[in-house]
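A short write-up of the structure that comes next.
The values are calculated or read from the model by the stated rules, or taken from the named source; none is laboratory data. Computed from a predicted model, the values in this text were never measured in an experiment. In this analysis, Cβ positions are derived from the backbone assuming ideal geometry, glycine residues included, and neighbour counts consider all displayed protein chains.
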Amino acid sequence: MHILGIDPGLLITGFGVVDMDGPHLRYVASGTIKTAHLDKKDLPGRLKVLFDGVREVVQRYQPEAASVEIVFVNVNPQATLLLGQARGACITALVSTGLPVAEYTALQMKKAVAGYGMAGKAEVQQMVMRLLKLPALPGKDAADALGLAIIHAHVGTAMARLAKAAGGLESTGGAGTKAGASYRDGRSR
């Protein structure tokens, strides 16, 4: 099963695809979608680049589930609003292709990948490289996206098993099933 992770950003959005075969993960692809070539004042144009770019990644790698980083309010409210719009374009692109979308915080991803929720970007890059047996460090944005795919592979599978054990209740995060914050049928939290 292919799982796509998306680390949204208005200038650079990272993506990472892993293949899950039972407990084993294999690197498929990673990269970035960039909008720096457009005028910073052209927000609709930049959002369209993100939307089209995410749809292209989905079409190329055919994932069965996706996970996206949750955005929190930071010091600069304007930057938070812009990031939220970029995130919305990415989620909309994923949902428009029929993918279930799960959300994880940066803290959750870092804890799952590096073992420490406050891990730095370099630590996440190192651990993603080790977990996926990559020959070199992935880029920062791609590493975060791969980390989101990795956490969904592990947490999503566990949630699907719990749901099955609970008597077939709808899963809230299973890889390939409805996610913890699912956008296919409306936000669940």
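Looking at region 52-79 only, could you name the residues that are surrounded by 14 or more Cβ atoms within 10 Å (Cβ to Cβ) and assigned to a helix (DSSP H, G or I)?
So the first thing to find is which residues in region 52-79 are surrounded by 14 or more Cβ atoms within 10 Å (Cβ to Cβ), and the list is 53-55, 57-58, 61, 63-71.
Answer for region 52-79, where residues must be surrounded by 14 or more Cβ atoms within 10 Å (Cβ to Cβ) and assigned to a helix (DSSP H, G or I): GLY53, VAL54, ARG55, VAL57, VAL58, TYR61.
Take PRO63 and tell me if it is under 13 Å from the mean Cα position of the chain (by Cα) and farther than 13 Å from VAL18 by Cβ. Don't jump to the end; show me each part of the working.
Numbers: under 13 Å from the mean Cα position of the chain (by Cα): yes; farther than 13 Å from VAL18 by Cβ: no.
Judged against the criteria, PRO63 is not a match.
State which residue is nearest to VAL155 (Cα to Cα) when the search covers only region 108-124 and only residues that are of a type outside the set (A, V, I, L, M, F, W, C) and assigned to a helix (DSSP H, G or I).
Looking only at region 108-124, we keep the residues that are of a type outside the set (A, V, I, L, M, F, W, C), and these are 108, 110-111, 115-117, 120-121, 123.
Cutting the leftovers down to assigned to a helix (DSSP H, G or I) gives us 108, 110-111, 121, 123.
Working: GLN108: 10, LYS110: 13, LYS111: 12, LYS121: 21, GLU123: 21 Å.
Among them, the one singled out is GLN108.
Taking the criterion of being touching a residue at least 12 places away in the same chain (Cβ under 8 Å), surrounded by 21 or more Cβ atoms within 10 Å (Cβ to Cβ) and among the small types (Gly, Ala, Ser), would at least one residue in region 32-39 satisfy it?
Of the residues in region 32-39, the ones touching a residue at least 12 places away in the same chain (Cβ under 8 Å) are 32-36.
Now drop any that are not surrounded by 21 or more Cβ atoms within 10 Å (Cβ to Cβ), which leaves 33, 35.
Still in the list and also among the small types (Gly, Ala, Ser): none.
Scanning region 32-39 turns up no residue that is touching a residue at least 12 places away in the same chain (Cβ under 8 Å), surrounded by 21 or more Cβ atoms within 10 Å (Cβ to Cβ) and among the small types (Gly, Ala, Ser).
Given (1) at negative phi; (2) modelled with pLDDT of 95 or more, identify the lone condition not met by VAL71.
Failed condition: (2).
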